[in-house]
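Here's the structure we're looking at; comments come further down.
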């Protein structure tokens, strides 16, 4: 009677200690030499494999791309930092760059590290992609925001040219909303914290003062807020937070909106019959036409055992030729200046607008947590007026108070 | 002293799981909540600094925390009575017969509980979409204006709770059904001979005899709703304006999206104390009930 019990207990005890050991043990970082694990955001990893095939053939370094959904990148990164077991190289969305850099998990890419990889020098890339300080990443793909418009619907209302200023956008939107039948003129996604920032920039303002502190209490931001709320007051934009951007554009309910190149791909695949009936134009603006610079960088994991191979991969990916191939494969715009000026790329009328816009584009301020704090506070303040009829001035005072202490340093 | 080891061996797996995934995290959260641990601190422990009760002080002053706490209270008030009432009613109806049709229905009612939450949220998201959703389309056919099911700061609580009730009833129906089967037929037959009506039998015989099932369902349901997470996370991400952010979702956002582990750990301890307190009150209530 006792024997089996004892054996069982011993077995369980052994199993437990195994579990605990697995939890606490630190696995050696990095994979096998000669194989690079690379985190690729979204669902592009299969095409990425295709992109790096020439690199694999030439160098004999195998590349294993791991798809990381945008929604779970924070958790995945946190887990990797906690366990010390990260990839060798990874794609980093610009909005996450500050957090990832602060974590200390990425290799510092100073001049000495990059000496043997001249392709990774900052001068090769678009301005503004590389943040100041010790860089931990190199530019990879660029993204920006432009004005999308349905040419067929606009000309149907006698609007032959896309709007150039925000006043024109608002006037157009009122005309388009007057079509009736549940139609609107413009779309302001309530989750898009970049749009009010772009509005502020194009009014000639900034949201970070000279000392690097976030400051929304400026005349330009006030005008941007009035613009944002004015569209709603005109009832020319849908006020539903769950309004579908692509369906709205394809169905014609919102014939104008501000979005990035990815939307062009979505619209083309959702509604090929609309080909030629829509187009893109530079971001409207009163003082400037400055848009958002988004996109992704590439970094190397500090404790990777394959640093050199990872840097060689980054070098390969930064080549203008590779970046042009990536645009063909995945529709993501290059960050290398030489690639952006390539006539092959800019022959596409949509891309020529993107490329032009990228020359006048800025990243969001590198505050510690844009999405979760500063950007959220901005959206909550504006949308509380839209959704609950809160007082504009009270909402903005709340925004100043919530973001007052935030700094980019 | 020869204590048999077998009983310990048998409870060991459950105990170990409880210790590793239940007790240990709470014990870890306690010291973490007194630090400023963030992503950088996680990578390099020397960068963690002791913060005292600063996290708790910040929690008390954080409007988002109070909003999440209030939302969770509202969710629990909406959800718990509804789940208990609906599952009990459904179990009573399903208990009426054992034929094939009722057995199929039983599986049908259980289906939401085992369907993947992501699929559930996609379908409900489409159904409840303001402009393109089926529900508003049906409303429009009878001449009613569209409602912002997931976009209105007040209505969103009901919509999210509705999906959770729909998902949460399945398991409780099974528990009530199992308990209903334990009621001796003689009691019901005797009541029938005395001329008791159907409602009378339920109130005077079934409900009192199901007291333990009710207690179990009530305790687990209350805990589940205080830890409410899945539905707002996938349906609304806590929006609009944070009006569907539950306390668990708030902690998740602070901990895993913003990387503020110390702050999130402090909030976790507060949530743990709330759940422990509510559960103790419930169990105590049951004891008085039994003594009577």
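Side notes on the structure shown:
- For the residues A:108, A:79, A:113, the requirement of being modelled with pLDDT of 85 or more, assigned to a loop (DSSP other than H, G, I, E, B) and in the same structural domain as residue A:48 (by TED's automatic domain parsing) singles out A:108.
- In the stretch A:99-126, the residues that are over 30 Å from residue B:260 (Cβ atoms), in contact (Cβ under 8 Å) with a residue 40 or more places away in the chain and within 22 Å of the chain's Cα centre (by Cα): A:120, A:124, A:125, A:126
- Filtering the stretch A:217-249 to residues that are within 12 Å of another protein chain (Cβ to nearest Cβ) and under 22 Å from the mean Cα position of the chain (by Cα) leaves A:241, A:242, A:243, A:244, A:245, A:246, A:247, A:248.
- Among the conditions (1) surrounded by fewer than 15 Cβ atoms within 10 Å (Cβ to Cβ); (2) more than 30 Å from residue B:118 (Cβ to Cβ); (3) touching a helix residue (DSSP H, G or I) at 6+ places or on another chain (Cβ under 9 Å), residue A:106 misses just one, which is (1).
- The residue of the stretch A:177-197 that is surrounded by the most Cβ atoms within 10 Å (Cβ to Cβ), among those that are more than 14 Å from chain B (Cβ to nearest Cβ) and touching a helix residue (DSSP H, G or I) at 6+ places or on another chain (Cβ under 7 Å), is A:185.
- Restricting attention to the stretch B:146-160 and to residues that are surrounded by 21 or more Cβ atoms within 10 Å (Cβ to Cβ) and out of contact with any helix residue (DSSP H, G or I) (no Cβ under 7 Å at 6 or more places or on another chain), the residue that is farthest from residue B:244 (Cα to Cα) turns out to be B:151.
- Helices (runs of 4 or more DSSP H) within the stretch B:1-80 that include 3 or more residues away from every other protein chain (no Cβ under 14 Å) and within 18 Å of residue B:261 (Cα to Cα): B:24-32, B:54-61
- Condition check for residue B:79: in contact (Cβ under 8 Å) with a residue 12 or more places away in the chain and surrounded by fewer than 17 Cβ atoms within 10 Å (Cβ to Cβ): no
- Complete set of residues in the stretch A:163-188 that are touching a strand residue (DSSP E or B) at 6+ places or on another chain (Cβ under 8 Å) and closer than 30 Å to residue A:371 by Cβ: A:163, A:169, A:173, A:185, A:186, A:187
- Residue B:218 being surrounded by 17 or more Cβ atoms within 10 Å (Cβ to Cβ), under 16 Å from the mean Cα position of the chain (by Cα) and modelled with pLDDT of 90 or more: yes
- Looking only at residues in the stretch A:354-388 that are outside any helix (DSSP H, G or I) and within 10 Å of chain B (Cβ to nearest Cβ), the one that is surrounded by the most Cβ atoms within 10 Å (Cβ to Cβ) is A:369.
- Where helices (runs of 4 or more DSSP H) sit wholly within the stretch B:112-212, those with at least 1 residues that are within 14 Å of chain A (Cβ to nearest Cβ), under 30 Å from the mean Cα position of the chain (by Cα) and farther than 22 Å from residue B:87 by Cα occupy B:117-128, B:134-141, B:155-181.
- Single residue of A:90, A:107 found to be under 23 Å from residue A:306 (Cα atoms), in contact with a strand residue (DSSP E or B) (Cβ under 6 Å, 6 or more places away or on another chain) and within 14 Å of chain B (Cβ to nearest Cβ): A:107
- Given (1) modelled with pLDDT of 85 or more; (2) touching a helix residue (DSSP H, G or I) at 6+ places or on another chain (Cβ under 9 Å), index of the condition residue B:143 fails: (2)
- Conditions (1) within 30 Å of residue A:63 (Cα to Cα); (2) not assigned by TED's automatic domain parsing to the domain that holds residue A:54; number of the one not met by residue A:299: (2)
- Test: residue B:247 is away from every other protein chain (no Cβ under 14 Å), in contact (Cβ under 8 Å) with a residue 12 or more places away in the chain, in contact with a helix residue (DSSP H, G or I) (Cβ under 6 Å, 6 or more places away or on another chain) and surrounded by fewer than 16 Cβ atoms within 10 Å (Cβ to Cβ): no
- Selection status of residue A:383, modelled with pLDDT under 90 and either under 19 Å from residue A:211 (Cα atoms) or assigned by TED's automatic domain parsing to the domain that holds residue A:164 (or both): no
- Residues within the stretch A:209-260 that are part of a loop (DSSP other than H, G, I, E, B) and touching a strand residue (DSSP E or B) at 6+ places or on another chain (Cβ under 9 Å), tallied: 11
- Any hit, the stretch A:342-353, residues being modelled with pLDDT of 90 or more and in a strand (DSSP E or B): no
- Some residue of the stretch A:145-154 being surrounded by fewer than 24 Cβ atoms within 10 Å (Cβ to Cβ) and within 14 Å of chain B (Cβ to nearest Cβ): no
- Complete set of residues in the stretch A:250-287 that are surrounded by 17 or more Cβ atoms within 10 Å (Cβ to Cβ) and within 13 Å of another protein chain (Cβ to nearest Cβ): A:250, A:252, A:253, A:254
- Screening residue A:206 on (1) closer than 22 Å to residue B:150 by Cβ; (2) part of a loop (DSSP other than H, G, I, E, B); (3) without any contact (Cβ under 8 Å) to a residue 24 or more places away in the chain shows it passes everything except condition (1).
Results for (1) free of Cβ contacts under 8 Å to residues at least 12 places away in the same chain; (2) within 24 Å of residue A:252 (Cβ to Cβ); (3) touching a helix residue (DSSP H, G or I) at 6+ places or on another chain (Cβ under 8 Å); (4) not assigned by TED's automatic domain parsing to the domain that holds residue A:197, shown as yes or no for each residue.
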{"site": "A:272", "(1), (2), (3), (4)": "yes, yes, no, no"}
{"site": "A:278", "(1), (2), (3), (4)": "no, yes, yes, no"}
{"site": "A:284", "(1), (2), (3), (4)": "no, yes, yes, no"}
{"site": "A:339", "(1), (2), (3), (4)": "no, no, yes, yes"}
{"site": "A:342", "(1), (2), (3), (4)": "no, no, yes, yes"}
{"site": "A:346", "(1), (2), (3), (4)": "yes, no, yes, yes"}
{"site": "A:351", "(1), (2), (3), (4)": "no, no, yes, yes"}
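- So residue B:270, is it within 16 Å of residue B:69 (Cα to Cα), part of a helix (DSSP H, G or I) and more than 14 Å from chain A (Cβ to nearest Cβ): yes
- When the stretch A:43-76 is filtered for residues that are within 18 Å of residue B:257 (Cβ to Cβ) and assigned to a loop (DSSP other than H, G, I, E, B), only A:69 remains.
- For the stretch B:86-94, the criterion of a residue being under 20 Å from residue B:229 (Cβ atoms) and in contact (Cβ under 8 Å) with a residue 40 or more places away in the chain is satisfied by no position.
The values are calculated or read from the model by the stated rules, or taken from the named source; none is laboratory data. Treat the numbers as computed from the prediction; the structure is a model and nothing was measured. A quick note on method: Cβ atoms are made from the backbone with ideal geometry, for glycine too, and the neighbour counts reach across all protein chains shown.
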